[in-house]
Structure formats: structure tokens, C-alpha cells
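The values are calculated or read from the model by the stated rules, or taken from the named source; none is laboratory data. In this text, all values refer to a predicted model and were calculated from it rather than measured experimentally. Quick reminder, even Gly has a Cβ in these numbers, built from the backbone with ideal geometry, and neighbours come from all protein chains shown.
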Amino acid sequence: MVGQSTDGETASRPPGTEEVARAYAKGPALAPGQRLGRYLVLEELGRGGMGVVVAAYDPELQRRVAVKVLRRADDRARLLREAQALARLNHPNVVAVHYRGRYRIALAR
């Protein structure tokens with residue numbers, strides 16, 4: 001398979017690379033109503049380099065929360081550092097971290 005690089009040169013890519021890239025760009029499949037542990041997914045809020053952020057509802061504490069779901073398991077250490085840094089902050093413009101955990105979800109194909 002041959003593709004065009006950003007500098008205009010032709011680049012050779014292994015077969016299936018573009019399909020993998022499209023699936024990666026989509027990130028985890030998180031539909032409204034899907035459960036992530038005790039949280040109920042409401043809607044997607046955004047996508048970034050590490051994963052997908054969704055608005056969710058915590059029925060146990062009856063509140064809306066934001067949940068970040070990683071694209072790759074090897075980003076866990078980075079997410080932990082991010083959560084620890086955020087937990088040290090107390091400011092109205094910075095989200096509070098309430099929980100860090102693991103859930104297995106099926107990816108869209």
C-alpha cells in the first residue's frame with residue numbers, strides 16, 4: 001500500500017495500516033447507556049491523544065462525572081501521573097479526581 005506523506009513524498013505502508021489508524025482515531029466505542037463499572041455513559045465529550053472522555057452518571061452518588069477511557073493500556077502510568085497532579089490541585093477551573101480504576105470494554109470494529 002502506498003500513501004502520501006505530509007511533505008509530499010510517497011511513503012510505503014504495510015497492508016492494513018490505514019484501517020488500524022482509522023480504528024485508533026475512533027477510540028473506544030462508548031455508546032450512551034453503556035455501563036463502565038458503576039457509571040452509565042451519557043455522551044462523548046471529547047477525544048485526545050490518550051483516549052476518549054465521556055460524560056457519565058454515577059447512580060450511587062447521584063451525580064454527573066467525566067470519565068477518561070484510554071486507547072492503549074500502556075498509557076496507564078501517564079494517566080496515573082495526570083490524576084496525581086490533578087489531585088494536588090484545588091481550583092474551580094480544574095476538575096477534581098474522584099476515582100482511578102480499570103474496566104474492560106469492547107472496541108468497535
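Structure values in brief
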{"quantity": "Per-region count, segment 32-42, residues at pLDDT 90 or above and on the phi < 0 side of the Ramachandran plot", "calculated": "7"}
{"quantity": "Qualifying position, being free of Cβ contacts under 8 Å to residues at least 60 places away in the same chain, farther than 14 Å from Arg102 by Cβ and in a strand (DSSP E or B), among Val41, Val67", "calculated": "Val41"}
{"quantity": "When residues of segment 82-109 are limited to those that are surrounded by fewer than 10 Cβ atoms within 10 Å (Cβ to Cβ) and among the basic types (Lys, Arg), the one modelled with the lowest pLDDT", "calculated": "Arg109"}
